[in-house]
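The next block holds one structure in the form of structure tokens; read it before the comments.
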Amino acid sequence: MNLATFWFILIAVLWAGYFVLEGFDFGVGILLPFVGRDDAERRTMINTIGPVWDGNEVWLLTAGGATFAAFPLWYASLFSGFYLALLLILAALIVRGVCFEFRSKVDSPRWRAGWDRAIFAGSALPALLWGVAFANIVRGVPLNAAHVYTGNLLTLLNWYGLLGGLVTLSLFTLHGAIFLGLRTTGELRQRARRTAAGTVLVAVPLAAVFLAVTQYSHGRAATDVTAAVAAVALIGGAAAAIRGREGWAFTGTALTLVLAVATLFGDLWPNVMPSSTSAAFSLTVANASSAHYTLVVMSWVALVFTPVVLAYQGWTYWVFRQRLAGPGPGTPAAPVTGPDAAEPVGGRS
């Protein structure tokens, strides 16, 4: 295996990690106005992701940086062609981060309700658009001989792209509901369980149709296996969610997201960005990669720092592993344990 192939696989791993970790963040944000019945419950929901949400976004930054360094032509065509979609995602992520910091700055129900609605929008829009983007990458986009994207934003909003967006939106929502069940207690936990069981009825059929269409159009023998295992993991996770077994359910949805990314990248190989105009115009692992020396330096850097980052993030999840008490109506939310107690995300309540 050459270094270009190694970095293609590593970028797939980074995206899988991002979808698993940021996926439940998005899910919690999407469910915030619906599962949280009052401000105390919504504060508890935000506290479940407060210590980790910004660390989860590091996976996105690393995936983007790795793409820029290892496959500059892929990065250039992707970020120029998908500019408006990615700009919307960036704006949503910025708004979402600002909301976490500012919702507790003013003790006003209207103030917090406005920020909560913005958290919902800032979570739902990226959850939808990431699926649209990846579905279009696998399907192929119009590239000319110079590898320049010749479509527009509406080109991406085809039926297959929108189906992919609905799949990620529903899977992230399910993933977030299960995570809430894992991290809370009391009535809030029970409500999260019921939400997860209801979301299953939407997420499973959408994912099944998307995987079937993808494999019929772009699949190969190896990815037929990963797609089948992803389907089994999703069904198992859904069954566990219905039974209230959050640990197994979360494992199932996490495995589903990992295998779904593996399937999409496997279907993509050896292309990194297929051209729907002509196969000769497609960007591949070979013609889009950086020079060998650049890949060597990147590999050594990744070998040294990746274990450090993974160890630190794993330690963070271990420290903040306790469940948060779901408050009753009209009672204050339990603060995050540890040195940042009473500061849910970015400020004091």
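Odds and ends about this structure:
- In Å², nearest 10: area of I30 left accessible to a 1.4 Å probe: 10
- Adding -39500 (n - 2.57) for every DSSP H run of four residues or longer, then dividing by how many residues the chain holds, sets the calculated 222 nm ellipticity at -25500 deg cm²/dmol.
- Residue separation of T277 and V225 scaled by 0.36 nm, minus their Cα-Cα distance, works out to 15.8 nm of gained length.
- Only Cα pairs under 8 Å and 6+ residues apart enter the sum, and on that basis the relative contact order of the chain stands at 28 percent.
- Sequence-distant residues sharing a close amide H with V272 (under 5 Å, placed H): L283, T284, V285
- The accessible-area ordering, largest first, of the residues Y149, Y18 stands as Y149, Y18, per a 1.4 angstrom probe.
- Normalised per residue, the volume of the convex hull around the Cα set of the stretch 135-246 (Å³): 122
- The chain: DSSP helices with Cα axial extent of at least 30 Å and average Kyte-Doolittle hydropathy no lower than 1.0: 3-35, 159-183, 221-242, 246-268, 292-319
- Simple label model, 7 Å out from Cα along Cβ direction - T306 to Q190, nm: 4.6
- Debye intensity ratio in log₁₀ form over the Cα atoms of the stretch 13-135, taken at each q of 0.13, 0.14, 0.17 Å⁻¹: -0.54, -0.62, -0.86
- FRET efficiency, 1/(1 + (r/R0)^6) with R0 25 Å, evaluated for S217 and A121 via beta carbons: 0.20
- Over the stretch 186-319, relative contact order from alpha-carbon pairs under 8 Å, at least 6 apart, %: 18
- When the chain is described by a simple charge dipole with +1 on each Lys and Arg Cβ and -1 on each Asp and Glu Cβ, the residue from W300, V13, V319 located farthest towards its positive end is V319.
- When every Cα-Cα distance of the stretch 88-175 is counted in 5 angstrom steps from zero, the calculated P(r) takes the values 3, 14, 18, 18, 15, 12, 9, 6, 4, 2, 1, 0 percent.
- Temperature 25 °C, viscosity 0.890 mPa s: under these conditions the Stokes-Einstein estimate for the stretch 214-258, based on its Kirkwood radius over C-alpha pairs, is 227 µm² per second.
- Spin-label model, L162 to I235: label points 7 Å out along the Cα-to-beta-carbon direction sit 2.9 nm apart.
- Accessible surface comparison of Y160, Y293, Y216, Y317, probe 1.4 Å, protein chains only, largest first: the order is Y216, Y293, Y317, Y160.
- Counted over the stretch 211-291 with a bin width of 5 Å, the fraction of Cα pairs per bin, in whole percents, is 3, 16, 19, 16, 15, 12, 8, 6, 4, 2, 0.
- Shape descriptor for the chain: Rg over Rh equals 0.98 (Cα atoms; Rh from the Kirkwood inverse mean 1/r).
- Taking N as its residue count, the alpha carbon Rg of the stretch 153-196 over 2.2 N^0.38 Å: 1.60
The values are calculated or read from the model by the stated rules, or taken from the named source; none is laboratory data. Quick caveat, the model's predicted, so the values are computed rather than measured. Here the Cβ is made from the backbone with ideal geometry for all residues, glycine too, and neighbour counts use every protein chain on show. All accessible areas refer to the heavy atoms of the entire protein, side chains included, with ligands and DNA or RNA removed. Shrake-Rupley method; radii C 1.70, N 1.55, O 1.52, S 1.80 Å.
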